[in-house]
1. Please return the longest stretch of the chain lacking exposed loop sites, where trypsin sites (Lys or Arg not before Pro) count only if DSSP places them in a loop and at most 11 other Cβ atoms lie within 10 Å.
2. Give me the net charge for the shell around TYR83: Cβ to Cβ below 9 angstrom, other residues only, Lys and Arg +1, Asp and Glu -1.
3. Just check the chain against the gyration tensor rule for me: Cα atoms, a ≥ b ≥ c as the square roots of the eigenvalues, rounded for a/c under 1.5, and otherwise prolate or oblate depending on whether a/b exceeds b/c.
4. DSSP loop (so not H, G, I, E, B), at most 12 other Cβ within 10 Å: list which GluC sites (Glu not before Pro) in region 8-95 pass both filters.
5. Taking the chain, how many lysine pairs are there with alpha carbons less than 16 Å apart, if each pair must be eight or more places apart or span two chains?
6. Stretch GLN28-LEU62 to full length: gain in nm at 0.36 nm per residue minus the Cα-Cα span?
7. Which of ILE39, ILE71, ILE18 moves the most in a Gaussian network model of the chain with Cα springs under 10 Å?
8. What ranking do TYR63, TYR90, TYR99 get, fewest neighbouring Cβ atoms within 10 angstrom at the top?
Amino acid sequence: MQSRVIDNIKKEVIKMTIRKLKEMPYAQAHVEIDDNGNIFLFSYTTLVAMIDSEGWVVIGGLYSMTTRKHIGAFMREYANSDYQTAKKIYEDGYRFNMYTGEVVDI
């Protein structure tokens, strides 16, 4: 029974590539990219932003000053944008498509 559960869990595991932010290599932040092309920003151990494989940027919160710096670096490196855009889409409850410029409610 236990081995069947473990086998099912193994099938659901998606490989992740883990990277540091180029602009902040010593920061307590990292980026995880899965095999589907989704990009996740973790500040310390909290998931704070993501870009899905279609280019939709979602910000989970603005948190501390340090985390805001992590979000800014993430936006510049992965979304060709800036912290002000991240702040605006979070505060207004939107998601932003970095490829098309489209903005929609979450």
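1. 23-106
2. Spelling it out: positives minus negatives among the neighbours equals +3.
3. In terms of gyration-tensor shape, prolate.
4. Answer by residue number: GLU54.
5. Lysine pairs satisfying the spacing and distance rule in the chain number 4.
6. Length difference between fully extended and current span is 10.7 nm.
7. So, out of ILE39, ILE71, ILE18, the one fluctuating most is ILE18.
8. Going from least to most buried by this count: TYR99, TYR63, TYR90.
No value in this document is a laboratory result; all are computed from the given coordinates. Keep in mind it's a predicted model, so treat the numbers as computed, not measured. Note that each Cβ is placed from the backbone with ideal geometry, even for glycine, and that neighbours are counted across all protein chains shown.
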